[in-house]
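A.B. asks: Before I ask anything, let me first share the structure, which is written out below as structure tokens.
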Amino acid sequence: MQKDIKVIKYFFKPSGKVLYVVKGFHHDYITTKTFCTCFDYNFRKKPEGCIHMKALVEALESNKYEEIIADDEEYSQIFKYELYDVLSEGPR
Ligand SMILES: [Zn+2]
């Protein structure tokens, strides 16, 4: 896995909802195996996916992610925070 990329799994209780956040070099992204909120994924549409999706898959396979248990009430807050971080990023 690339250095400085960290995967965080938010596990929300009691619903059991899961949110994966990949912390990149400058920003955090909400990432799934088939989707990412980063610029590369959404605008450049790389067929092989972006580095965050790769990092997520690798992290899941090797169990190398940080798990944070959060309350359902925090879900929208965390979601908004991470999304805001992405939207503040301009094209590079
Ligand atoms: Zn990405």
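Just so it is clear, none of the values below were taken in a lab; they were calculated from the coordinates. No experiment lies behind these values; they were computed from the predicted model shown. Cβ placement follows ideal geometry from the backbone for every residue including glycine, while neighbour counts extend to all protein chains displayed.
A.B. asks: Within the stretch 3-18, track down each residue that is of a type outside the set (S, T, N, Q) and either in contact with a helix residue (DSSP H, G or I) (Cβ under 7 Å, 6 or more places away or on another chain) or free of Cβ contacts under 8 Å to residues at least 12 places away in the same chain (or both).
C.D. replies: K3, I5, V7, Y10, F12, K13, P14, G16, K17, V18
A.B. asks: Next question. Working only within the stretch 52-61, note down all residues that are crowded, with 21+ Cβ neighbours inside 10 Å, over 9 Å from the mean Cα position of the chain (by Cα) and within 12 Å of the ligand (Cβ to nearest atom).
C.D. replies: A55
A.B. asks: Applying the selection to the stretch 22-42, what residues are more than 13 Å from S88 (Cβ to Cβ), within 8 Å of the ligand (Cβ to nearest atom) and touching a residue at least 24 places away in the same chain (Cβ under 8 Å)?
C.D. replies: Going through the stretch 22-42, the residues more than 13 Å from S88 (Cβ to Cβ) turn out to be 22-25, 30-36, 40-42.
Keeping just the survivors that are within 8 Å of the ligand (Cβ to nearest atom) gives 22, 24, 31, 36, 40-41.
Scanning the stretch 22-42 gives V22, G24, T31.
A.B. asks: For V18, which of the numbered conditions (1) away from the ligand (no atom under 14 Å from the Cβ); (2) buried (at least 16 other Cβ atoms within 10 Å of the Cβ) fails to hold?
C.D. replies: (2)
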